[in-house]
Amino acid sequence: MKYIVTAKHCKYSVSDDVYKIFNHKLYTVTLESYPENMNEDTFLIDKSRYKWMSIEEMERDERVMEVNEEIVAFVKAKCQ
């Protein structure tokens, strides 16, 4: 695992109807194998399911871009 950068973003949360400050820490990680609670598509953290997506997949996903376009751009700029 390699640390890349930390950045704060202030944005409006539609679901909570408030502005929030997010403190993002960006890392790159190379997995040699998947832990038990992960597979190639999804993984669990504290009973919540998450999905692996490439930057290109996120850019094609309307909902992702609607709520997180600036975060996708931040990750893209720092990881490429």
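Among the chymotrypsin sites (Phe, Trp or Tyr not before Pro) within the chain, those in coil by DSSP and having at most 15 neighbouring Cβ atoms inside 10 Å are Trp52.
Across the chain, the mean sequence separation of Cα contacts (distance under 8 Å, 6 or more residues apart), normalised by length, yields a relative contact order of 21 percent.
Spin-label pair Ile45-Ala73: with each label point 7 Å from Cα along the Cα-Cβ axis, the two points sit 2.4 nm from one another. Rolling a 1.4 Å probe over the heavy atoms of the protein chains gives the chain an accessible area of 86 Å² per residue.
Given the chain, report the % of alpha carbon pairs whose separation exceeds 20 Å. Kindly include the intermediate steps, with their values, before the conclusion.
Working: 1463 of 3160 pairs.
Counting every Cα pair in the chain, those more than 20 Å apart make up 46 percent.
A crude spin-label estimate for the pair Lys20 and Lys2, with each label 7 Å from Cα along the Cβ direction, gives 3.0 nm. Around the Cα centre of the chain, unit charges on the Cβ atoms of Lys, Arg, Asp and Glu (plus for the first two, minus for the last two) sum to a dipole of about 440 debye. Computed from Cα atoms, the angle from the helix 62-79 axis to the main principal axis of the chain rounds to 70 degrees.
In the chain, taking the dipole from charged Cβ atoms about the Cα centre, the farthest positive-side position among Tyr50, Val67, Thr6 is held by Thr6. For the chain, trypsin sites (Lys or Arg not before Pro) meeting the loop criterion (DSSP other than H, G, I, E, B) and having at most 16 other Cβ atoms within 10 Å: Lys47.
Summing -39500 (n - 2.57) over the DSSP H runs of n ≥ 4 in the chain and dividing by its residue number, what mean residue ellipticity at 222 nm do you reach, to the nearest 500 deg cm²/dmol?
Helices in the chain give a 222 nm mean residue ellipticity of -9500 deg cm²/dmol.
Excluding same-chain neighbours fewer than eight residues apart, the lysines reachable from Lys76 by a Cα-Cα span under 25 Å are Lys2, Lys8, Lys11, Lys20, Lys25, Lys51.
The values are calculated or read from the model by the stated rules, or taken from the named source; none is laboratory data. Note that the structure is a prediction, hence the values are computed from the model and not measured. Quick reminder, even Gly has a Cβ in these numbers, built from the backbone with ideal geometry, and neighbours come from all protein chains shown. We work out accessible area using only protein heavy atoms, side chains counted, and drop any ligands, DNA or RNA first. Shrake-Rupley method; radii C 1.70, N 1.55, O 1.52, S 1.80 Å.
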